[in-house]
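To start, the structure under review is shown below, and the notes come after it.
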Amino acid sequence: MIRIRVLVVDDHRIFAESLAAALAAEPDVEVAAAGSGPAARRCLERAAADGRAFDVMLVDAELGISAGQQGRAPIARAVSDDGEEGLVDGISLVAGVRSGQPSVRTVVLAEKDDPRRAALALQAGASGWVAKDCSLQRLLAVIRGVLRDETHLPPALLTGVLRELTAARKHRTESERLVESLTPREREVLRCMVAGLGRKAVAERLFLSPHTVRTHMQNVLGKLGVHSTLAAVALARRAGVGPVDLAGDVVERGGQLA
C-alpha cells in the first residue's frame, strides 16, 4: 500500500494532536505534527534526509500570529526573542517549503474565510485553502486531490480571491519600481526574506555578519516603505521577486499562481 505522509503544523497543540490522530486512523496515511514554523522545517529536512519526505503539509493560516494581531496585518519576525531563527508565519512557511522542497504540497487550514490571505497563500505556493471545521472526509479528499496537482479553494472564496489577485496585478508596477531601488545585495537579502530565512541563516548564506544582515533588512524595509518582514515579502511577490533557491543559486520566479 502506498502511504501518504502528512505533516500537521499548528501552534494550537490540542487541535494539532487531534487532527493528527484522526488522519492517522486512515490505513494509507502516516502523520507527524509540529507546533511552529522552525519545528516544521526541521521535520521536513530530517524526513527528506532519511529518504522519507512528506507528501503534504497542512498549515494553520494563523500560525505565529497572536490573538491580538488577528484581523490585522500580522508582523512576521525572522528571529524569535530567544534567538531561534526560522519561519514564524504560515504564509512564509508555505513559500519557504515551496522553494526548498517543491515536491511537498501544502494546504492551508483556516478558521474563517479570508480572500486576502487565501490569495497570498496561493501566490506563495499553496495548493489549497480549507476550513478547519470541515469534515475529515473533505480534508482527505483535498489531500488526495493536491497530490494529483489539483488546486482546492472553497467556492465562496473564489470571487474574493480573484478580486485580490486582480488588485495585486495593478500594484505590481509600483512594487517593481520600489524593488528596483534596492542595491544588488539588498535584493539578495530580500529573496532570502521571501524564502523565510532568518537573520542567522541569511548571514551564513551570504557570508555576512548578522549585524550587517540586520542593517540590510532595515534598509530593505525602509526603501520599500513597509514596517514588517511580511509586508516586504508580500510586496516582493507582487513585483515578481521569487525566493532564494535553498538548494542552489538565487532564482527569480513569477508572481502568478503556482
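Summary of values
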quantity	calculated
Arg144 vs. criteria modelled with pLDDT of 90 or more, open to solvent by 90 Å² or more (accessible area, probe 1.4 Å) and farther than 21 Å from Arg238 by Cβ	no
Residue in region 155-170 that is on the phi < 0 side of the Ramachandran plot and part of a loop (DSSP other than H, G, I, E, B) present	no
Residue count, region 40-58 (criterion: under 18 Å from Leu109 (Cα atoms) and either at pLDDT 95 or above or of a type in the set (Gly, Ala, Ser) (or both))	6
The lone exception for Pro210 - which of (1) over 20 Å from Ser99 (Cβ atoms); (2) buried (at least 18 other Cβ atoms within 10 Å of the Cβ) it fails	(2)
Top-ranked residue of region 114-135 - restricted to ones that are free of Cβ contacts under 8 Å to residues at least 24 places away in the same chain and not polar (S, T, N, Q), ranked as most open to solvent (accessible area, probe 1.4 Å)	Asp133
Selection count where residues are touching a residue at least 60 places away in the same chain (Cβ under 8 Å) and open to solvent by 60 Å² or more (accessible area, probe 1.4 Å), scope region 173-193	1
Positions within region 222-234 being part of a helix (DSSP H, G or I) and open to solvent by 40 Å² or more (accessible area, probe 1.4 Å), in sequence order	Gly222, Lys223
Check on Ala167, modelled with pLDDT under 85, hydrophobic (A, V, I, L, M, F, W, C) and surrounded by fewer than 17 Cβ atoms within 10 Å (Cβ to Cβ)	yes
Single unsatisfied condition, Ala21 versus (1) assigned to a loop (DSSP other than H, G, I, E, B); (2) over 15 Å from the mean Cα position of the chain (by Cα)	(1)
Any chance Arg138 is exposed (fewer than 15 other Cβ atoms within 10 Å of the Cβ), among the basic types (Lys, Arg) and either within 14 Å of Met57 (Cα to Cα) or in contact with a strand residue (DSSP E or B) (Cβ under 8 Å, 6 or more places away or on another chain) (or both)	yes
Residue check, Arg205 under 17 Å from the mean Cα position of the chain (by Cα), open to solvent by 40 Å² or more (accessible area, probe 1.4 Å) and in contact (Cβ under 8 Å) with a residue 24 or more places away in the chain	no
Test: residue in region 184-191 that is more than 16 Å from Ala95 (Cβ to Cβ), of a type outside the set (Phe, Trp, Tyr), at pLDDT below 90 and part of a helix (DSSP H, G or I)	no
Breaking point among (1) of a type outside the set (A, V, I, L, M, F, W, C); (2) open to solvent by 50 Å² or more (accessible area, probe 1.4 Å); (3) more than 22 Å from the chain's Cα centre (by Cα), for Asp28	(2)
Where Thr151 falls short, out of the listed (1) open to solvent by less than 10 Å² (accessible area, probe 1.4 Å); (2) under 19 Å from the mean Cα position of the chain (by Cα); (3) under 22 Å from Val104 (Cα atoms)	(1)
Count - residues of region 118-138 that are charged (D, E, K, R) and either within 18 Å of Val6 (Cβ to Cβ) or modelled with pLDDT under 90 (or both)	2
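The values are calculated or read from the model by the stated rules, or taken from the named source; none is laboratory data. This structure is a prediction, so every number in the text was calculated from the model and none was measured. All Cβ positions, glycine included, derive from the backbone under ideal geometry; neighbour counts span all protein chains shown. The protein model used for the area step is the full one, side chains on, heavy atoms only, and it has no ligands, DNA or RNA in it. Shrake-Rupley method; radii C 1.70, N 1.55, O 1.52, S 1.80 Å.
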